[in-house]
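Notes follow the structure.
The values are calculated or read from the model by the stated rules, or taken from the named source; none is laboratory data. Just so it is clear, the structure is predicted and the values come from calculations on it, not from any experiment. Note that we place each Cβ from the backbone using ideal geometry, even for glycine, and neighbour counts take in every protein chain shown. Quick note on the areas: whole protein, heavy atoms, side chains included, nothing else; ligands and nucleic acids left out. Shrake-Rupley method; radii C 1.70, N 1.55, O 1.52, S 1.80 Å.
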Amino acid sequence: MEAARFQGVGPALVTPMKPDGSVDMDAFSHHVGYMLDGGVDFLVPCGTTGESATLTAAEQRAVIRRCVELASGRAPVLAGAGSNSTRTAVELARAAADAGADGVLVVTPYYNKPTLEGLVLHYGAVAEAGLPIIFYNVPGRTGLNVPPEAILEIARRVPRVQGVKESSGSVDPLMTLVRDAPEGFQVLCGDDHLGLAAVALGAQGLVSVVANETPARITAVVHRAAAGQLVEARELHYRLLPLMRANFMESNPGPVKAALALMGRMGDHLRRPLAPVRAETRAALKGALEELGALHPQEHA
């Protein structure tokens, strides 16, 4: 993988669903086009926000393949390929490679809570698929918080682990990763509200939920922060903060899908066990979108 190949903003893409719960590939295609027109730097299908936990293997392959086709060289594709079963994670990574993805985002095995040696074995097996791996640390979802020192040790022992999406909700591990990472190792923030701080501290980019709603604005925050234009970046960040917070009033991707429905971009359909968001969440989303002037589809909002 080229140095800093996954840098800037990568939207954690939602997977639009039809009322019967099947994947709405037409809506997905339109959504990816909206992301690319908004200037995002890379695309992240089939992650947590994409409801990967309830996608079948065939659906996941189809979504990644369509994403690669639509990206068409305009942006690299970092495909979700994680599981708490090593065998399944390997199969998903191979499918992502076959679909043309440029790399895989591999979450730590959830529920199992493996040791460091178990993680080395897990990521070493996934590496056999041949794609660069971005290690995904998200303890709020997995029940396992991998410290920075362990992440870098895994990367040393499994060379295809060439970056990390750090989503522990704190800048402290991000700082350690930025400070101690070897040259070419990419540190990506996975929390929208910390994106500005992370990039200002030296992270290479942000995997973003809010990019689904407003790709151009969050991309401007990250690009300006990377360029040292912190006053401008901070102003944009605080304008987006109410929407960032509303997006996590309930389990992701419930709120962001509700917001996209309010914007007229797709139906508000989730795959069970997720349920439609509460009225108070919908009201907060609507208010945040109104503040941004983003309630209706418009130019790269």
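Computed over the alpha-carbon pairs of the range 56-106, the distance histogram in 5 Å steps reads 4, 26, 33, 22, 10, 4, 1 percent, short to long. State the percentage of accessible surface on the range 248-289 attributable to carbon and sulfur atoms; use a 1.4 Å probe and exclude ligands, DNA and RNA. Roughly 55 percent of what the probe reaches on the range 248-289 is carbon or sulfur. In a fully extended conformation the segment linking Gln229 and Asp98 would gain 43.2 nm over its present Cα-Cα distance, using 0.36 nm per residue.
Around the amide H of Tyr110, modelled in the peptide plane, lie the amide H atoms of Asn84, all under 5 Å away and 5 or more residues distant in sequence or on another chain.
With distances taken between every two different alpha-carbon atoms, the chain has a Kirkwood hydrodynamic radius of 18.9 Å. For the chain, DSSP calls about 5 percent of its internal beta bridges antiparallel.
A 1.4 Å probe run over the chain, with the rest of the protein chains in place, finds 41 Å² accessible per residue. Annotation for the range 81-173: chymotrypsin sites (Phe, Trp or Tyr not before Pro) lying in DSSP loop with at most 12 further Cβ atoms inside 10 Å of their Cβ are Tyr111. Semi-axis lengths, largest first, of the ellipsoid equivalent to the range 175-277 are 28, 16, 10 Å, with √(5λ) applied to each eigenvalue of the Cα gyration tensor.
Of the listed residues Met249, Met263, the order by accessible area with a 1.4 Å probe, largest first, is Met249, Met263. Round to a whole number: what % of the accessible area of the range 46-123 belongs to carbon and sulfur, probe 1.4 Å? In the range 46-123, the share of accessible area belonging to carbon and sulfur is 50 percent. Counting only aspartates and glutamates at least 8 places from Lys18 when in the same chain, those with an alpha carbon closer than 17 Å to its own are Asp26, Glu51, Glu59, Asp268.
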